[in-house]
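Notes follow the structure.
The values are calculated or read from the model by the stated rules, or taken from the named source; none is laboratory data. Quick caveat: nothing in here was measured; it's all calculated off a predicted structure. Cβ sites come from the backbone with ideal geometry, for glycine too, and all protein chains shown count toward neighbours. Accessible surface is based on the protein model in full, side chains and every heavy atom, while ligands, DNA and RNA are left aside. Shrake-Rupley method; radii C 1.70, N 1.55, O 1.52, S 1.80 Å.
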Amino acid sequence: MQRLRRPSGLLIQFKASRLMRRNNGAVSGAFSSTNNKLALGKIPEFVKIVEVGPRDGLQNEKQVIPTHVKIKLIEMLVSSGLTVVEATSFVSPKWIPQLADAKDVMKAIRNMGGVRFPVLTPNLKGFEAAVAAGAKEVAIFASASESFSKSNINCSIEDSLRRYRDVAIAARKLCIPVRRYISRVVGCPIQGAVPPSQVAYVAKELLDMGCFDISLGDTIGVGTPGTIVPMLEEVIDVVPTEKLAVHFHDTYGQALSNILVSLQMGISTVDSSVSGLGGCPYAKGASGNVATEDVVYMLNGLGVTTNVDLQKLMLAGDFICKHLGRSSCSKTAIALNKVHSSCASQNEVCSLLHRVMLQEDVYLLVPVSFLHGISPILFTMVTMLWILYSWQVWSVMVEPALANIPEFVKIVEVGPRDGLQNEKQIVPTHVKVRLIQMLLSSGLTVVEATSFVSPKWVPQLADAKDVMEAIRNMGGARFPVLTPNLKGFEAAVDAGAKEVAIFASASESFSKSNINCSIEDSLRRYRDVASAARKLSIPVRGYISCVVGCPTEGAVPPSQVAYVAKELYDMGCFDISLGDTIGVGTPGTVVPMLKEVIDVVPAEKLAVHFHDTYGQALSNILVSLQMGISTVDSSVSGLGGCPYAKGASGNVATEDVVYMLNGLGVKTNIDLKTLMLAGDFICKHLGRSSGSKTAVALSKVPAHASKL
């Protein structure tokens with residue numbers, strides 16, 4: 001077993017920032033990597049979460065929530081360990097009737113000790129009302145967009161700053177701390193892209209007023225890591241990171257990835273909303289604030305302390321969602337509520353770090369057999385030293401120097417196979433063929449077409465031969481097909497397949513339950529397939545499932561994934577796709593897994609395949625790109641699912657991946673609009689809405705999309 005290498009530094013090379021070409025502040029072209037290394041520093045050991053649900057969330061609801069329900073929600077949020085809860089807003093009831101009971105809410109919570117309750121005050125009158133109601137902390141807000149400032153609060157940015165100086169002066173006299181929000185820090189629905197320099201200017205003005213905390217808000221949720229990093233870099237030039245917070249809406253599914261790069265840049269305060277309460281009025285029907293549950297899940301996986309109890313937090317989310325008569329917008333909450341007790345839980349799978357005591361054989365520098373033979377005292381000393389060493393390794397983002405984001409990423413579209421095989425209904429052959437045609441027209445060049453598995457087990461793909469017959473002459477594209485054994489391989493070749501795929505599991509338990517054989521037996525089976533393929537000069541792709549967690553045994557050792565990957569590589573697999581089958585991975589578990597695999601298989605031979613069950617897929621893809629992976633599997637409209645978390649989403653949506661890559665300036669040669677047409681086609685046939693947040697948002701706001 002190979003020893004984990006101690007990180008030597010924390011430099012992440014981003015193809016973004018100063019040398020980025022800007023046109024009136026808008027990002028243009030691919031990022032330059034020349035002399036453009038951005039020292040992002042370590043992931044903070046502690047992240048403070050500012051819960052904005054009771055104000056920013058509920059103010060967007062059509063119904064007026066009774067005061068006692070708001071108070072109960074706040075009490076439950078506080079009981080989960082949250083110490084900063086944005087309680088309400090002293091804005092005219094004419095404009096926000098949902099928060100007309102601000103005075104009554106403050107009266108009920110003012111004596112809760114150990115918790116901060118900032119309240120929004122738009123002007124001096126609102127500030128005075130808040131103070132009279134007992135507020136001990138206030139918040140003010142401005143826009144980084146001149147156009148939006150004039151349309152939203154009927155004054156210019158400069159006029160708004162003058163207004164808030166009066167509030168800041170009044171607050172200083174009463175020793176009341178002032179938090180400040182800046183909205184539209186990436187994009188504005190009126191003017192389009194917002195220059196980072198404009199955000200930095202407003203932030204500096206607020207800092208000079210005495211604001212102790214400045215929250216940078218991507219109000220319409222259009223940001224990606226490629227636009228967030230240069231904005232933050234500009235702001236950090238004039239405002240210390242410890243004075244900054246980030247506030248991301250998840251309209252396009254990018255919020256967690258944006259939070260991740262913010263943490264990498266030293267930000268340690270994150271705004272979020274329980275159950276994703278709130279929304280974006282410029283993308284009706286699209287989600288708004290990032291869900292606190294999803295943020296906590298990711299941070300737990302990174303080994304970052306938040307002091308927030310996820311189960312209690314979910315109870316608060318469940319309480320308010322039941323009152324609102326709708327399901328949670330948190331993928332983590334949905335998944336964990338559906339997972340049966342027999343499946344791996346958050347605590348079992350989320351962070352391998354937290355299981356180091358249970359999995360000594362995975363991480364210890366000395367063999368477990370040796371440890372079993374020594375005294376209990378020495379065993380304890382060695383174990384504790386390793387835990388301290390491991391904590392130092394993991395708490396600094398695990399990987400010392402993450403490689404540049406690739407200039408080009410190849411997307412392998414798995415919807416027609418991995419997506420449709422999970423559908424209850426049988427999709428007609430002509431619909432599948434039409435879907436594949438539309439996917440190709442979007443620019444995709446690798447589409448997983450079907451599977452030559454027994455119809456007894458996967459009846460949805462019983463028409464594999466007919467599908468292959470219809471698409472075999474489509475030029476300029478590759479159509480890998482899944483073949484579970486030599487018999488399936490021969491059937492695929494007879495049907496005209498020019499590329500095949502085999503699959504193994506990194507989990508012994510899952511291998512036995514899923515394909516009824518051990519890992520070793522499955523590898524022997526695939527050697528026969530690989531040998532037969534080699535004779536016919538047919539390339540073989542390899543899949544590895546359960547690379548982070550298994551529904552039966554919990555956490556999967558990275559060394560086991562590396563072993564299976566090396567075996568497939570030695571068989572001759574040209575491409576090995578690492579699959580988080582049940583979607584429990586976070587950047588904190590994905591990075592060490594990839595690190596172990598890259599030690600034995602070149603990064604250019606690897607792909608990643610993430611399910612989005614807990615909302616972590618895009619952030620996992622981001623860290624994979626940072627580590628040099630340049631092939632990503634995804635499924636149009638998020639087709640597919642996770643049988644171990646019924647009702648939760650499965651494959652990451654291709655539209656969301658392309659949107660993020662576009663924002664990073666990474667080439668994919670895929671036309672997003674045409675891709676969305678393919679997704680719309682299959683979703684209409686299946687009778688449901690798209691699982692892609694990007695598709696949902698862009699389909700509702702074509703004019704806004706064209707500006708951004």
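Quick notes on this structure:
- Evaluating residue 572 against the criteria (1) open to solvent by 20 Å² or more (accessible area, probe 1.4 Å); (2) on the phi < 0 side of the Ramachandran plot leaves one unmet condition, (2).
- Here 600, 584 are screened, and the one residue that is in a loop (DSSP other than H, G, I, E, B), over 26 Å from residue 226 (Cβ atoms) and under 14 Å from the mean Cα position of the chain (by Cα) is 584.
- Options 182, 190, 214, 228; residue that is in a loop (DSSP other than H, G, I, E, B), under 33 Å from the mean Cα position of the chain (by Cα) and within 23 Å of residue 278 (Cβ to Cβ): 190
- Residue within segment 493-508 that is closer than 21 Å to residue 556 by Cβ and touching a Lys or Arg at 6+ places or on another chain (Cβ under 7 Å) present: yes
- Residue 518 modelled with pLDDT of 95 or more, more than 24 Å from residue 302 (Cα to Cα) and surrounded by fewer than 17 Cβ atoms within 10 Å (Cβ to Cβ): no
- Within segment 609-644, restricting attention to residues that are in contact with a Cys (Cβ under 8 Å, 6 or more places away or on another chain) and not in a helix (DSSP H, G or I), the residue that is modelled with the lowest pLDDT is 644.
- When the residues of segment 488-515 are filtered to those that are out of contact with any Pro (no Cβ under 9 Å at 6 or more places or on another chain) and at pLDDT below 90, the one that is nearest to residue 467 (Cα to Cα) is 514.
- Flag for residue 140 being closer than 23 Å to residue 245 by Cα and not in a strand (DSSP E or B): no
- Of the residues making up segment 455-501, those that are out of contact with any Leu (no Cβ under 9 Å at 6 or more places or on another chain), in a loop (DSSP other than H, G, I, E, B), open to solvent by 50 Å² or more (accessible area, probe 1.4 Å) and more than 20 Å from residue 540 (Cβ to Cβ) are 456, 457, 462, 473, 475.
- The condition (being touching a residue at least 12 places away in the same chain (Cβ under 8 Å), in contact with a Gly (Cβ under 9 Å, 6 or more places away or on another chain) and of a type in the set (A, V, I, L, M, F, W, C)) is satisfied by just one residue among 444, 440: 440.
- Residues in segment 599-620 that are within 21 Å of residue 564 (Cα to Cα) and in contact with a strand residue (DSSP E or B) (Cβ under 7 Å, 6 or more places away or on another chain): 9 in all.
- Checklist (1) in a loop (DSSP other than H, G, I, E, B); (2) open to solvent by 10 Å² or more (accessible area, probe 1.4 Å); (3) of a type outside the set (Gly, Ala, Ser); (4) in contact (Cβ under 8 Å) with a residue 24 or more places away in the chain applied to residue 175, failing item: (4)
- When we screen 630, 619, 635 for residues that are more than 17 Å from the chain's Cα centre (by Cα), polar (S, T, N, Q) and either at negative phi or surrounded by 24 or more Cβ atoms within 10 Å (Cβ to Cβ) (or both), the only hit is 630.
- Only one of 223, 210 that is touching a helix residue (DSSP H, G or I) at 6+ places or on another chain (Cβ under 9 Å) and in contact (Cβ under 8 Å) with a residue 60 or more places away in the chain: 223
- Pairs linking a residue in segment 62-90 that is on the phi < 0 side of the Ramachandran plot to a residue that is of a type in the set (S, T, N, Q) and open to solvent by 10 Å² or more (accessible area, probe 1.4 Å), with Cβ atoms under 6 Å and 6 or more positions apart or on different chains, are 64/98.
- The lone exception for residue 688 - which of (1) assigned to a helix (DSSP H, G or I); (2) surrounded by fewer than 23 Cβ atoms within 10 Å (Cβ to Cβ) it fails: (1)
- In the set (1) assigned to a helix (DSSP H, G or I); (2) touching a helix residue (DSSP H, G or I) at 6+ places or on another chain (Cβ under 7 Å); (3) modelled with pLDDT of 95 or more, residue 166 fails one condition alone, (3).
- Per-region count, segment 37-81, residues under 22 Å from the mean Cα position of the chain (by Cα) and either crowded, with 16+ Cβ neighbours inside 10 Å or in a strand (DSSP E or B) (or both): 15
- Segment 257-268: number of residues that are modelled with pLDDT of 95 or more and open to solvent by 10 Å² or more (accessible area, probe 1.4 Å): 1
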